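Data block below; observations after.
We did not get these values from a lab; they are worked out from the coordinates using the rules stated. Keep in mind it's a predicted model, so treat the numbers as computed, not measured. Please note: Cβ atoms are built from the backbone with ideal geometry, for glycine as well, and neighbour counts cover all protein chains shown.
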Amino acid sequence: MNIDFEIVKLIVYLVMALAVLVVSGFVLPMVRQNIGTEKYNLILGYIEQAVNSAEQIFGGEGTGEQKKAYVIHIMQGILEKVGYKLTEEQLNMLIESAVKAMNDAKAINEKLDVKVE
């Protein structure tokens, strides 16, 4: 029974890895091409700041939906002010990309035993 759970867990990890590859390899470059590199980098910077802000405000595990709602709310206001338009799907992909980058950085820091305060 324990082996079956490990196999299911491995399959889930593989599917998640494949999804990340698809998003980072194909979808994000299409978004960048559609809105232009300069706008893409600016929007991604705003999203990264909003993601980090949500992490600081809400912290802890199990608050992902609350954090994402906060980031979407903040980004809708910013995008409206600067006059940029993104589809909900594009915004979600960019948020997921920023969250992944943040989590990857945390994992590297933990492996290196770096304390960020």
>> For VAL15, project a label point 7 Å along Cα to C-beta. Then give me every residue of region 74-117 with its amide nitrogen under 18 Å of that point.
In response: none
> Measuring from label point to label point, each 7 Å out along Cα→Cβ, what is the GLN49 to LEU112 span in nm?
Replying inline: 2.5 nm
